[in-house]
Amino acid sequence: MDSLELSTSLSVDKAEKKNQSIRVRLGRLRDSVCESGIFVLTASSAIIIVFIFIFILIKSWNIFAVNGINFVLKSGFDQQIIEAYHAPADKPVWHFGALGLLLGSGLTTVGALLLAIPLGIGTAIVITELSPRWMKGLLQSFIRLLASIPSVIYGLVALLVVVPFIQDNFITSELQLQYIKQFQLTGNSLLAGIAVLSIMITPVIVALSVDAINAVPHRYKEASLALGLSHWRTIVKVIVPSAKSGITAGIILGTGRAIGEALALSMVSGGIGNIPNPADGGVFFLTPILTLASAIINKSESMSVPSINAALFACGVLLLVTCTTLSLFTKIVERSIRRREGLE
Amino acid sequence: MNKKKIRDLMGEVMSWLASSITIAACLGIIIYLFNMGHAQIDIGFLTNEPATTLETEKNGILTPLVGTLLLTFIGTLVAFPWALGTAIYLSEYAKRNNLTETFRLGIDVLSGVPTIVVAIFGLAVFSNPALGFLSSMVEGVQDVNRAFGRSFLVSGITMAVMILPFVIKTCEEALKSVPDTYREASLAMGASKWYTITKVILPTAKNGIITAVILGMGRIIGDTAIVWLTLGGTLRMTGVQPWWRPDNWLSTLKNTGSTLTSYIYFMSPAGEGHQNENAFGAAFVLIIIIILLNLLTDFFMGSKEIGK
Amino acid sequence: MVYSNSGSIIISVKELNAWYGEKKALSNINIDIKKNSITAFIGPSGCGKTTLLRCLNRMNDLVDGFRLTGDILLDGESILSKNRDVIELRRKVGMVFQQPNPFPKTIFENMALPVKENFGNVRREKLEEIIETNLKAASLYEEVEDRLDSSALRLSGGQQQRLCIARALTINPEVILFDEPCSALDPISTMKIEDMLMELKQKYTIVIVTHNLHQASRIADEVAMFYEGQIVEQASTDVFFSNPKTQLAQDYISSKFS
Ligand SMILES: Nc1ncnc2c1ncn2[C@@H]1O[C@H](COP(=O)(O)OP(=O)(O)OP(=O)(O)O)[C@@H](O)[C@H]1O
Ligand SMILES: [Mg+2]
């Protein structure tokens with residue numbers, strides 16, 4: 001406003017004028033200091049992003065240098081951690097294979113998605129299209145709450161409800177005896193992991209799907225109804241397809257959450273990097289497993305050993321690469337869908 | 001004809017079923033926590049410090065509660081100006097060019113990075129002896145000194161990094177939702193750009209910015225991975241005692257402690273605490289805090305959008 | 001009735017009153033619509049033309065707080081009765097909206113969707129035949145023949161509107177309702193659509209809302225003029241324009257033609 005004041009003070013005497021112009025100049029100085037401040041903050045945000053990536057890569061470098069591609073092709077992570085922990089300082093163990101963890105992350109995520117996608121889209125359809133007006137806000141509040149429940153609470157509830165349920169209903173002592181050589185069947189399992197993850201990522205998918213469906217122009221719905229499609233067929237054939245880029249974004253975001261979830265999974269999924277064997281039938285789902293993210297939590301106590309430290313950072317790199325790919329993938333999917341629909 | 005009607009009906013029934021499961025999960029968790037946790041809540045629980053199983057005195061959540069507040073405070077204090085500054089730059093100054101777009105993409109990518117990755121990053125960075133003033137120094141073997149890398153300060157700063165991309169994006173959206181006519185009107189009156197930002201744009205976008213901060217706080221309060229790695233595995237404050245005396249505050253901040261989330265973990269069977277009642281008590285308190293924050297966001301944004 | 005009685009009546013509106021919440025939008029509407037003719041609804045903005053049009057295929061069911069009294073008969077049967085199948089009704093009474101509203105899909109999919117949804121799984125050749133016939137009827141076929149698989153949203157506004165008309169034809173309606181179909185279009189597209197409407201009335205009954213009195217006089221057989229929720233005058237086109245009875249109609253015509 002300083003320059004405004006300047007214009008009103010044309011008639012005042014010279015001294016006053018000089019005073020004014022100093023104030024204006026001070027104002028400009030203050031502006032440019034603040035603007036540089038903003039720029040510095042922005043630059044530091046940019047730097048931190050790059051720094052995180054480089055730092056984690058460097059920290060894990062040795063692992064990839066020693067193991068190469070075998071880091072993702074070999075299994076036995078738990079055993080290797082124990083060996084590395086007990087290895088004498090002059091003969092450190094650098095050989096690690098995270099295949100089991102990779103599969104653990106993959107299986108829990110895929111399983112959770114298979115449950116969460118229909119749950120999420122169904123719920124989003126109810127919120128946007130089927131529920132009466134008074135219910136919509138209420139349902140949305142519940143979804144938001146579900147999205148903001150901390151993962152440790154999910155872990156706690158799953159550990160004390162879902163795990164005992166699995167133990168009581170699916171695990172018999174004969175079964176336990178049969179598999180005792182390979183692993184202990186306790187209820188902490190792939191299945192428990194999938195159950196807790198699916199509830200955790202459903203609200204993410206719901207939230208983005210609701211936004212996407214609400215953004216579908218009303219005229220598409222009218223066009224479809226006027227063509228003799230029922231409300232449900234309109235939803236299935238016109239509304240949901242028109243919202244697919246947003247729904248896809250929600251699913252990808254949910255995938256990222258599932259892959260990155262560490263704590264809840266470390267509480268309920270067993271904590272041992274077994275590779276579930278499809279030949280075991282139902283026991284496949286009862287196998288205790290470990291994921292990349294929960295391995296970092298579980299093994300962090302032995303991080304003082306340099307090679308273990310690097311191995312955990314290598315797990316971090318795998319997570320980083322996956323999640324970065326997912327983020328970029330969202331952008332690409334959104335763009336290609338928009339292009340196909342002729343919006344760009 | 002009738003077949004079609006039945007198919008439609010099936011579809012709708014399935015959708016209702018899906019939403020019932022989702023809502024039942026939400027209600028179920030909250031009711032379960034209430035049932036299991038409410039008996040535990042009393043003045044003693046809120047004002048006693050955590051105890052191990054061996055001790056006879058009553059176990060409480062005073063320091064975890066304080067820990068949660070402390071971390072939230074530090075995390076927000078660091079993240080807010082940082083994120084708001086970046087958001088102002090992006091929405092008001094940045095030109096639309098490849099560099100800016102790459103930066104935006106970087107922010108998106110960072111917001112997709114799992115917190116556990118941010119957590120080990122924080123731990124490793126702050127274990128550097130040069131940053132030892134933020135935590136404490138450990139005597140290493142063979143004269144290799146390193147920093148402990150775990151303290152309230154370290155954890156708070158790491159939390160700030162974790163929420164940074166999210167708060168930047170939400171703040172930027174809030175700033176962008178201010179109509180351009182406001183900017184033009186102010187600039188046309190001869191106001192400087194900075195003046196326009198501080199006196200016109202920020203006040204208009206206030207609610208959106210507050211929402212961003214509250215949602216960020218929610219993330220800090222709910223996070224366990226970062227607490228686990230960068231705040232250490234201690235239930236009580238480990239600085240100079242009594243931790244609450246102002247002259248010991250700095251020491252408290254530079255040392256370790258716990259939060260509600262890590263307390264719940266330690267008390268649960270997973271953390272070998274096996275004091276489920278206490279875990280539930282703390283979980284109940286935590287969920288109340290989360291519900292209150294949710295209501296607060298509703299208040300500031302008119303329950304329009306769900307936290308992404 | 002004032003106007004001539006040749007041709008049988010397909011839609012008959014009786015004593016219709018309609019409200020949006022507390023606001024009354026139509027009062028005491030009586031009108032008959034003749035088979036294979038073009039009926040034009042005209043009148044100043046906000047007078048209820050769209051409201052009546054959307055009653056005819058019950059699109060207003062979507063509007064919260066909308067209610068009506070009176071009756072509408074299609075082929076002698078009430079379309080408002082409780083057990084009337086709305087989907088069946090909308091299949092008989094098609095609609096083309098003011099804003100072209102093709103789906104964000106390919107041209108082919110836009111045409112194929114209503115066919116598949118209404119007639120079950122049609123053989124591919126049959127489907128292609130239906131699509132071709134109707135695109136031709138909407139005089140769009142030559143323009144899009146070789147790009148059926150590109151997005152409908154890439155068409156021009158006029159082409160989009162003709163696609164919507166073609167799409168409405170695929171389900172073989174008896175009546176087609178047009179709500180200002182040319183208001184977003186240039187004069188050439190408008191001419192094309194007008195020519196097409198003249199063609200279409202051989203097979204279909206057409207009701208059209210228009211603000212363009214020239215258009216109404218060019219294509220309509222019957223005209224109904226609305227004012228503040230009421231029909232103030234209805235007559236055959238020639239009579240209406242050459243010899244308007246009410247002062248309102250005279251003023252409206254002279255203001256629009258001057
Ligand atoms: N969805 C609605 N909710 C409430 N009032 C409405 C709604 N649609 C229309 N109205 C009101 O009903 C009256 C009649 O509207 P209608 O759309 O039928 O007018 P119209 O003759 O088609 O006008 P125009 O020529 O501008 O399209 C208007 O006063 C309008 O404000
Ligand atoms: Mg209208």
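The table below gives the values:
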read-out	value
One residue from C:ILE208, C:ILE188, C:ILE193, C:ILE171 being more than 16 Å from ligand 2 (Cβ to nearest atom) and either touching a Gly at 6+ places or on another chain (Cβ under 6 Å) or at pLDDT 90 or above (or both)	C:ILE171
Residue match in the range A:290-298 (condition: in contact with a strand residue (DSSP E or B) (Cβ under 8 Å, 6 or more places away or on another chain) and open to solvent by 40 Å² or more (accessible area, probe 1.4 Å))	no
Residues being at pLDDT below 90 and within 21 Å of the chain's Cα centre (by Cα) - total across the range C:111-133	1
Residue count for the range C:47-75, restricted to those that are over 14 Å from the mean Cα position of the chain (by Cα) and within 16 Å of ligand 2 (Cβ to nearest atom)	6
Failed condition for B:ILE41, given (1) within 12 Å of chain A (Cβ to nearest Cβ); (2) open to solvent by less than 60 Å² (accessible area, probe 1.4 Å)	(1)
Some residue of the range A:118-126 being without any contact (Cβ under 8 Å) to a residue 60 or more places away in the chain and open to solvent by 30 Å² or more (accessible area, probe 1.4 Å)	yes
Hits in the range A:292-311 - residues which are in contact (Cβ under 8 Å) with a residue 40 or more places away in the chain and within 7 Å of another protein chain (Cβ to nearest Cβ)	A:ALA293
Scope the range B:236-267; condition crowded, with 23+ Cβ neighbours inside 10 Å, part of a loop (DSSP other than H, G, I, E, B) and touching a Phe, Trp or Tyr at 6+ places or on another chain (Cβ under 9 Å); matching residues	B:MET237, B:ASN255, B:THR256, B:GLY257, B:SER258
Helices (runs of 4 or more DSSP H) wholly inside the range A:8-114 that include at least 3 residues being closer than 26 Å to B:ASP108 by Cα and modelled with pLDDT of 80 or more	A:14-67
Matching option when the condition is touching a Lys or Arg at 6+ places or on another chain (Cβ under 7 Å) and outside any helix (DSSP H, G or I), among B:GLY273, B:GLY232	B:GLY232
Test: residue in the range C:83-102 that is out of contact with any helix residue (DSSP H, G or I) (no Cβ under 7 Å at 6 or more places or on another chain), open to solvent by 40 Å² or more (accessible area, probe 1.4 Å) and within 12 Å of ligand 1 (Cβ to nearest atom)	yes
Odd one out for A:ALA279, checked against (1) more than 8 Å from chain B (Cβ to nearest Cβ); (2) more than 16 Å from A:GLY193 (Cβ to Cβ); (3) in contact (Cβ under 8 Å) with a residue 12 or more places away in the chain	(3)
Hits in the range C:38-59 - residues which are outside any loop (DSSP other than H, G, I, E, B) and either more than 8 Å from ligand 1 (Cβ to nearest atom) or away from chain A (no Cβ under 14 Å) (or both)	C:ILE38, C:THR39, C:ALA40, C:PHE41, C:ILE42, C:LYS49, C:THR51, C:LEU52, C:CYS55, C:LEU56, C:MET59
Residue within the range A:83-95 that is in contact with a Lys or Arg (Cβ under 7 Å, 6 or more places away or on another chain), in contact (Cβ under 8 Å) with a residue 40 or more places away in the chain and crowded, with 16+ Cβ neighbours inside 10 Å present	no
Test: residue in the range A:44-61 that is under 30 Å from B:THR100 (Cβ atoms), in contact with an Asp or Glu (Cβ under 9 Å, 6 or more places away or on another chain) and open to solvent by less than 90 Å² (accessible area, probe 1.4 Å)	no
Test set (1) within 16 Å of ligand 1 (Cβ to nearest atom); (2) free of Cβ contacts under 8 Å to residues at least 60 places away in the same chain; (3) at the interface with another protein chain (Cβ under 9 Å from one of its Cβ atoms) - C:ARG67 fails condition number	(3)
Residue in the range C:24-36 that is out of contact with any Ser or Thr (no Cβ under 8 Å at 6 or more places or on another chain), within 14 Å of chain A (Cβ to nearest Cβ) and within 10 Å of ligand 1 (Cβ to nearest atom) present	no
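Residue-by-condition table, conditions (1) of a type in the set (Gly, Ala, Ser); (2) within 16 Å of ligand 1 (Cβ to nearest atom); (3) surrounded by 21 or more Cβ atoms within 10 Å (Cβ to Cβ):
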position: C:ILE131; (1), (2), (3): no, no, yes
position: C:ALA137; (1), (2), (3): yes, no, no
position: C:GLU143; (1), (2), (3): no, no, no
position: C:ASP149; (1), (2), (3): no, no, no
position: C:ALA152; (1), (2), (3): yes, no, yes
position: C:ARG162; (1), (2), (3): no, no, yes
position: C:ILE176; (1), (2), (3): no, no, yes
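The values are calculated or read from the model by the stated rules, or taken from the named source; none is laboratory data. Just so it is clear, the model here is predicted, and its values are computed rather than measured. With ideal geometry, Cβ positions are generated from the backbone for all residues, glycine too; neighbour counts draw on all protein chains shown. Heavy atoms of the whole protein, side chains included, go into the accessibility calculation; ligands, DNA and RNA do not. Shrake-Rupley method; radii C 1.70, N 1.55, O 1.52, S 1.80 Å.
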